[in-house]
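Report on one structure; see the data block that follows.
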Amino acid sequence: MSNPGKEKNTQGNKPFAPAGGGQPQMMGGPGRPGGPGRPGGGPGGPMGARLNKEKPKNMGKTIWRLIQYIGKSKYAVLGLLLIISTVTVADLFGPTLQGKAIDTFRMVDDKLTVDFDTMKQVLVIMFVLYMVNAVLNYIQGILAAKISQTTVFTMRNDLFRKISRLSISNTDNRRHGDLMSRMTNDVENVSNAISQSIASLFSSVITFIGALYFMLRTNVVVTLVAFLTVPLTLLVSAELAKLMRRYFVRQQMLLGQLNGEVEEMVIGYKTVVAYGKEGETVDRFAKVSEELRKNSIRSRVFGSIMGPCMNFIGNLQYVLVVATGIYFHIKNPAKFTVGYIQSMLQYSKKFNQPINMIANQYASIMTALAGAERIFDIMDTPDEIDEGKNPMRVEEIRGDVTFEGIEFGYVPGEPVLKGLDLNVKAGQKIAIVGATGSGKTTIVNLLTRFYELDGGRILVDGVDITELPKKTLREAIAIVLQDTVLFADTIKANIQYGKSEATDEEIAFAAKTAEADVFINRLPKGYQTVLSEGGSNLSQGQRQLLAIARAVIANPRILILDEATSNVDTRTEMEIQQAMVALMKNRTSLIIAHRLSTIRDADKIVVLKNGVIVEEGNHDELLARKGEYEKLYQNQFAGIAT
């Protein structure tokens, strides 16, 4: 399933093509979805892809963009901030109250005395304080979950809309499994990080400031001692973060590749088994999986180092504060009581708590940021260009199509079409034939503006197609492909895909026109029969008839038949031909065919060779010339593949 002939695209906005300038390899693309290319797409073929190294990007920009998404839930965020502030400030009074409770125990004349009134008062305040904190923490969790899910809901929708606006050439250059990984795994990682970390981050900032305030108010010297470990904390955390970030970004990229391998294996399983490539497929999967395993171990190891390092520095700070507190207690036991020292120790731990929290959640945060970068990478991809402003409506299009001096290549320096000129009049039936790689499907891809021209222009009714909005242009065109694309929905919905507002009567008429109503009515649920993925519970011929019915209901001005009968037997082909005759009536039709017997009645046959039209004429005229068409015909008649 790997294609070593595919080379890396250096042009950026064009798909990867086979060496020698053949047809683009694609899945779900314009020419032949799931056709000659491997499912999954992407440079070098997904299963044979080299594992590219991905460098860390701008983390600050990523964080800022995440904050903007979080800010869309501004009222929930404000409520969360208010609750966190209340909880944190209340919590900061805890050490002071604990110190006062401890200091109710006093030694008077070598006797232990207890100030029960003060203790009772302090304990009641502490009980109320902690009860309120528990309730507020519960509400805080609800708000954090709401913010998290609202954020990823918006992000996921934006990402899906963005993918729908990408050009086909762009999606051809990406592995489909990797795209799905960004939509699922990466978005979910962002969701987890927000729900688990957002409240902690807000709380940590307030805790740090509050603890610093209480420490300074209590004792400046002890506060300065606690600050001695801060430079060490910043240095260690910065160095570890720099080291870890590389592995977390790499981990998400490898996970996307792994998803691509799985997707390709599932979609292309029959081919894998048919060619006995199970072992190679498993080996390729194992290679990516092994690299992911090694990288994940490294990322987790370095991620787990952060916590112990911060704990060590925190304990070092704790020891320094204890030593300083004991020193002051010895000097002035009346002022520096046990409760006083205990309060300072608690505040020093709270002072260090934000850094420890970030250290403990660093792995989750880095994974989320790496995923967010991958999401924003898609969002930053330019949309498909559509500069068309011509007000022409679909109903006004007659179907005259003119190709003037068309120059195009999928790879720079390897042209597929070379100065092609072709004139198609409205209502004409034009057949395009030629050997594989001659540029037949490329003509269709350019007419539908799935790819942009390198030179020349294409006119529809005398209007340059770049001046027509792509929506108008594509609504005027219907395509019946070699490999049909059906969705896991009812037969009715699949036909209705060509015209969303179609009535039941129109759907039935389209099916009858396409000769599909006979087999549909035999099914137990008729038009309400639910198809499996890709319509695999129907025969190839039945799937093709449904595709024709979809084209009928779209009522196009221009019809493209891209080898629509090449995958069926002769008897089924005859049935499909009858349906196509009805479909092509009074429409401009471009027929790409390998089976030359299917195009004998075409108004004009165009023969392509190496991206150039070498012959034009009807079937009899071209046979009489004894040229390229006659060679193709004789080869096919003799059973030799073209």
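The values are calculated or read from the model by the stated rules, or taken from the named source; none is laboratory data. Here the structure is a predicted model, which means the values were calculated and not measured. Positions of Cβ are generated from backbone atoms using ideal geometry, with glycine treated the same way; all protein chains shown enter the neighbour counts. SASA here: full protein model, heavy atoms, side chains in, ligands and nucleic acids out. Shrake-Rupley method; radii C 1.70, N 1.55, O 1.52, S 1.80 Å.
Here is the figure for segment 90-108: residues that are open to solvent by less than 70 Å² (accessible area, probe 1.4 Å) and either touching a residue at least 60 places away in the same chain (Cβ under 8 Å) or in contact with a strand residue (DSSP E or B) (Cβ under 9 Å, 6 or more places away or on another chain) (or both) total 11. Of all residues in segment 441-470, those that are assigned to a helix (DSSP H, G or I) and either at positive phi or of a type in the set (S, T, N, Q) (or both) total 4.
Specify the residue that is modelled with the highest pLDDT; the eligible residues are those in segment 346-359 that are open to solvent by 20 Å² or more (accessible area, probe 1.4 Å), in contact with a helix residue (DSSP H, G or I) (Cβ under 6 Å, 6 or more places away or on another chain) and farther than 14 Å from Val230 by Cα. The residue in question is Gln346. Residues that are in contact with a Lys or Arg (Cβ under 8 Å, 6 or more places away or on another chain), modelled with pLDDT under 75 and of a type in the set (A, V, I, L, M) are absent from segment 233-244. Applying the set (1) farther than 30 Å from Ser204 by Cα; (2) assigned to a helix (DSSP H, G or I); (3) hydroxyl-bearing (Ser, Thr, Tyr) to Thr381 leaves exactly one unmet item: (2).
Right, Leu473: open to solvent by less than 10 Å² (accessible area, probe 1.4 Å) and part of a strand (DSSP E or B) or not? Don't jump to the end; show me each part of the working.
On the way: open to solvent by less than 10 Å² (accessible area, probe 1.4 Å): yes; part of a strand (DSSP E or B): no.
Against the criterion (open to solvent by less than 10 Å² (accessible area, probe 1.4 Å) and part of a strand (DSSP E or B)), Leu473 does not qualify.
Does segment 323-333 include one or more residues that are surrounded by fewer than 17 Cβ atoms within 10 Å (Cβ to Cβ), without any contact (Cβ under 8 Å) to a residue 24 or more places away in the chain and not in a helix (DSSP H, G or I)? Yes, that holds for at least one residue.
Among the residues of segment 444-462, just one is open to solvent by 20 Å² or more (accessible area, probe 1.4 Å) and of a type in the set (A, V, I, L, M), namely Leu453. Scanning segment 476-511 for residues that are touching a strand residue (DSSP E or B) at 6+ places or on another chain (Cβ under 8 Å), surrounded by 17 or more Cβ atoms within 10 Å (Cβ to Cβ) and at pLDDT below 90 turns up Ala478, Ile479, Val480, Leu481, Gln482, Gly498. Listed conditions (1) farther than 30 Å from Ser589 by Cα; (2) assigned to a helix (DSSP H, G or I) are all met by Glu395, apart from (1).
Within segment 457-504, the set of residues being among the aliphatic types (A, V, I, L, M) and under 21 Å from Thr529 (Cα atoms) comprises Val485, Leu486, Ala488, Ile491, Ala493, Ile495, Ala502. When Tyr138 is tested against (1) within 16 Å of Ile206 (Cα to Cα); (2) surrounded by fewer than 18 Cβ atoms within 10 Å (Cβ to Cβ); (3) modelled with pLDDT of 85 or more, only condition (1) is not met. Do any helices (runs of 4 or more DSSP H) lying entirely in segment 107-188 carry at least 3 residues that are of a type outside the set (D, E, K, R), at negative phi and over 44 Å from the mean Cα position of the chain (by Cα), and which ones are they? It comes to 116-165. Considering only residues in segment 203-212 that are over 11 Å from Met344 (Cα atoms), of a type in the set (A, V, I, L, M, F, W, C) and in contact (Cβ under 8 Å) with a residue 60 or more places away in the chain, the one that is surrounded by the most Cβ atoms within 10 Å (Cβ to Cβ) turns out to be Ile206.
For segment 412-428, the set of residues classified as within 26 Å of Asn586 (Cα to Cα), open to solvent by 30 Å² or more (accessible area, probe 1.4 Å) and part of a strand (DSSP E or B) consists of Asp421, Asn423, listed by residue number. List every residue pair whose Cβ atoms lie under 7 Å apart, where the two residues are 6 or more positions apart in sequence or sit on different chains, the first residue falls within segment 75-86 and is of a type in the set (A, V, I, L, M, F, W, C), and the second residue, located anywhere, is part of a helix (DSSP H, G or I) and loosely packed, with under 15 Cβ neighbours inside 10 Å. What qualifies is Val77/Gly71; Ile83/Ile139.
Among residues belonging to segment 429-440 that are assigned to a strand (DSSP E or B) and aliphatic (A, V, I, L, M), point out the one that is surrounded by the most Cβ atoms within 10 Å (Cβ to Cβ). Here the residue is Val433. Among the residues of segment 231-243, the ones that are in contact (Cβ under 8 Å) with a residue 12 or more places away in the chain, under 20 Å from Glu373 (Cβ atoms) and open to solvent by 30 Å² or more (accessible area, probe 1.4 Å) come to 1 in all. Using the structure shown, decide if Arg246 is part of a helix (DSSP H, G or I), free of Cβ contacts under 8 Å to residues at least 24 places away in the same chain and under 25 Å from the mean Cα position of the chain (by Cα). No, not satisfied.
When Ser289, Ser296 are checked against the criterion of being more than 22 Å from Leu240 (Cβ to Cβ) and in a helix (DSSP H, G or I), a single residue qualifies: Ser289. Go through the residues of segment 152-164 one by one and say whether even a single one is open to solvent by 90 Å² or more (accessible area, probe 1.4 Å) and within 30 Å of Arg474 (Cα to Cα). Yes.
Filtering segment 203-229 to residues that are farther than 28 Å from Leu82 by Cα and of a type in the set (A, V, I, L, M, F, W, C) leaves Val220, Val221, Val222, Leu224, Val225, Ala226, Phe227, Leu228.
Taking the conditions (1) assigned to a strand (DSSP E or B); (2) farther than 28 Å from Lys631 by Cβ; (3) over 30 Å from the mean Cα position of the chain (by Cα) in turn, Ala478 satisfies each one other than (3).
Going through (1) in contact (Cβ under 8 Å) with a residue 24 or more places away in the chain; (2) open to solvent by 30 Å² or more (accessible area, probe 1.4 Å) one by one, Ile313 falls short only on (2).
Yes/no matrix, rows are residues, columns are (1) surrounded by 15 or more Cβ atoms within 10 Å (Cβ to Cβ); (2) over 27 Å from Ala368 (Cβ atoms):
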{"position": "Met126", "(1), (2)": "yes, yes"}
{"position": "Asp178", "(1), (2)": "yes, no"}
{"position": "Asn189", "(1), (2)": "yes, no"}
{"position": "Ala199", "(1), (2)": "yes, no"}
{"position": "Phe214", "(1), (2)": "yes, yes"}
{"position": "Val221", "(1), (2)": "no, yes"}
{"position": "Thr229", "(1), (2)": "yes, yes"}
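Among the residues making up segment 381-411, those that are closer than 17 Å to Phe450 by Cβ, surrounded by 15 or more Cβ atoms within 10 Å (Cβ to Cβ) and touching a residue at least 60 places away in the same chain (Cβ under 8 Å) are Thr381, Glu384, Asp386, Gly388, Val401, Gly409, Tyr410, Val411.
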